[in-house]
Amino acid sequence: MKKSKLFEWIRRVIMIIIGAVITGYGLEAVLIPNDVIDGGVTGLSIMGSDLFGISLGILLFILNIPFVYLGYKQVGKTFAIMSSVGIVALSVSTVLMHHIKPILGPKDPLLVVLAGGLLIGVGIGIVLRSGGAMDGSEVLAVLLSRKIPFSVGDIILVINAFIFTGAGFIYGLENALYSALTYYIAKNVIDIIQVGLEKSKSVKVISSKSEELGEAIQSRLGRSVTFTPGRGGYSKEETQILNCVINRMEETKLLSIIKDIDHSAFVVVSDVSEVRGGNFKKRDIH
């Protein structure tokens, strides 16, 4: 058991270092040479490096230290350790790759945005999926959300709005807009890395033909179903609530199956961030 736990720690550390190196390459080979920045503490560090001539790696390390401490207090030791690995690896990567030849120039601004957002998103996504973080703004947003009536996403958006506004004064309005677009692309790539292309959905169906629907879903879609006893609050009638987890590409077919059997069925479809355990394997369709 101890060996497997140690192996898992080593695997996570290696993945975090890989993610940090990819992020560092995206910054030094794509974004920074073209005066495009990322959001959060990384964006502040890039602007500080340009304004004061301080090494980006040093600023990344120093500015993130308070947030690592907050993460340790609020999330736990493991998160703080993994985040420290990511921050150190990113700082070292930017120092080692500072003089690397840019792969894109200012004549290709859209390619800069696309490539930069893709590299940054993949790198950060790998780090987050491995249980670490490389930007303290997310930790700050989580803490602030507990004190003020705004979500984590809203707070991060406000923080980055100030950062990109500052970038407009330093790099010009056009580059600030390119920076915001890069951040948007990176955010979506991070979501894909964390959740996967086949994002799961949870489906609840209330129908008088629950048994027939369950058999059809299992035979035509290859997904298992679970029945939960229920009772109508108004009608007081006993019913069976059908529960099923599918991926998003199967949603249209599932809704078609339900409509064919009971067009008046009450259907609720909601996003699921992660599915673990059980038997979420697609069976052969007959």
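Classify segment 144-267 from the C-alpha gyration tensor, please: rounded if a/c falls under 1.5, else prolate or oblate depending on whether a/b exceeds b/c.
Prolate.
Label segment 178-249 by shape, choosing from rounded, prolate and oblate, from the square roots a ≥ b ≥ c of the eigenvalues of the Cα gyration tensor; if a/c is under 1.5 it is rounded, and otherwise prolate applies when a/b is larger than b/c, oblate when it is not. Don't skip to the answer; put the middle values down first.
Working: a/c = 4.83, a/b = 2.31, b/c = 2.09.
Prolate, because a/c is 1.5 or more and a/b exceeds b/c.
Take each complete run of DSSP H in the chain, measure how far its Cα atoms stretch along the helix's own axis, and keep only those covering 20 Å or more with mean Kyte-Doolittle hydropathy at least 1.0; list them.
Working: long enough: 2-26 (36 Å, 0.66); 56-74 (27 Å, 1.39); 77-96 (28 Å, 1.64); 109-129 (29 Å, 2.23); 152-171 (28 Å, 1.82); 173-195 (33 Å, 0.71).
Helix filter hits for the chain: 56-74, 77-96, 109-129, 152-171.
Any idea what the dipole of segment 200-271 comes to, in debye rounded to 20, about its Cα centre with Lys/Arg Cβ at +1 and Asp/Glu Cβ at -1?
Charge dipole of segment 200-271: 180 debye, to the nearest 20.
Rounded, prolate or oblate for segment 8-82? Axes are the square roots of the Cα gyration tensor eigenvalues, ordered a ≥ b ≥ c, and the cut-off for rounded is a/c under 1.5.
On the way: a/c = 2.84, a/b = 1.48, b/c = 1.92.
Note, shape of segment 8-82 comes out oblate.
How much length would be gained if the chain were fully extended between PHE266 and TYR184, taking 0.36 nm per residue of separation minus their Cα-Cα distance, in nm to one decimal?
Stretched fully, the PHE266-TYR184 segment lengthens by 26.0 nm.
Subtracting the Cα-Cα distance from 0.36 nm times the residue separation, let me have the gained length for LEU144 to ARG248 in nm, one decimal.
Stretched fully, the LEU144-ARG248 segment lengthens by 34.2 nm.
Just the accessible area for PHE150, please: 1.4 Å probe, Å², rounded to the nearest 10?
Only protein atoms counted, so the area is about 120 Å².
Let me have the 222 nm mean residue ellipticity of the chain computed from DSSP H runs of 4+ only, each contributing -39500 (n - 2.57), with the sum over all residues rounded to the nearest 500.
-20500 deg cm²/dmol
With every protein chain kept in place and ligands, DNA and RNA left out, what is the accessible area per residue of the chain? Probe 1.4 Å, answer in Å².
Working: 16400 Å² over 286 residues.
Here the residues of the chain average 57 Å² of exposed surface.
If each residue of separation counts as 0.36 nm, what is the full-extension length gain between THR165 and SER4 once their alpha-carbon separation is subtracted? If you can, show how the numbers build up before the last one.
Values: separation 161, 0.36 × 161 = 57.96 nm, distance 4.72 nm.
Once the chain is fully extended between THR165 and SER4, it gains 53.2 nm.
If VAL36, VAL245 are ordered by their accessible area, calculated over protein heavy atoms with a 1.4 Å probe, which sequence runs from highest to lowest?
Values: VAL36 5, VAL245 50 Å².
So the residues, ranked largest to smallest area, are VAL245, VAL36.
FRET efficiency for ASP191 and GLU211, Cβ-Cβ distance as r, R0 = 41 Å, nearest 0.05?
Given R0 = 41 Å and the Cβ-Cβ separation, E is 0.65.
Modelled label-to-label distance, ILE18 and SER202, 7 Å Cα→beta-carbon offset: nm?
3.1
Which of VAL41, ILE22, TYR69 sits closest to the plus end of the dipole of segment 1-89, meaning its Cα is farthest towards the positive end, when Lys and Arg get +1 and Asp and Glu get -1 on the C-beta?
Going by the Cα projections, it comes out as TYR69.
Over segment 1-195, calculate the relative contact order: mean separation of alpha carbon pairs under 8 Å at least 6 apart, over the residue count, as a percent.
33
With Kirkwood radius over Cα pairs in Å as the read-out, I listed (i) 22.6; (ii) 19.3; (iii) 21.6; which label goes with the value calculated from this structure?
Computed from these coordinates, Kirkwood radius over Cα pairs in Å corresponds to label (iii).
How high is the FRET efficiency between LEU96 and LYS73 when r is their beta carbon distance and R₀ equals 22 Å, given to the nearest 0.05?
After rounding to 0.05, the efficiency reads 0.10.
To the nearest 20 debye, what charge dipole does the chain have about its Cα centre, counting +1 at the Cβ of each Lys and Arg and -1 at the Cβ of each Asp and Glu?
Approximately 1020 debye in magnitude.
If each of ILE103 and VAL275 carries a label point 7 Å out from its Cα toward its Cβ, how far apart are those two points in nm?
Result: 3.3 nm between the two label points.
Determine the share of the chain's accessible area contributed by carbon and sulfur atoms, expressed in whole percent, with a 1.4 angstrom probe.
Taking all protein chains in place, the chain shows 64 percent carbon and sulfur surface.
Determine the alpha carbon to alpha carbon distance for each of LYS107/LYS187; LYS5/LYS187; LYS147/LYS201; LYS204/LYS259; LYS209/LYS253 and list only those over 20 Å.
With Cα atoms farther than 20 Å apart: LYS107/LYS187; LYS5/LYS187; LYS147/LYS201.
If contacts are Cα pairs under 8 angstrom and at least 6 residues apart, what is the relative contact order of segment 200-271 in percent? Before the final figure, lay out the partial values.
Numbers: 115 pairs, mean separation 35.4, N = 72.
Normalised by residue count, the contact order of segment 200-271 is 49 percent.
Please sort 43-52, 84-93 by packing, taking for each peptide the average over its residues of neighbouring beta carbons within 10 angstrom, highest first.
84-93, 43-52
The values are calculated or read from the model by the stated rules, or taken from the named source; none is laboratory data. Predicted model, so just to flag it, every value in this text is computed and none were measured. Ideal geometry is used to build each Cβ from the backbone, glycine not excepted, and the neighbour counts take in all protein chains shown. Keep in mind that these areas ignore ligands, DNA and RNA; they rest on the heavy atoms of the full protein, side chains included. Shrake-Rupley method; radii C 1.70, N 1.55, O 1.52, S 1.80 Å.
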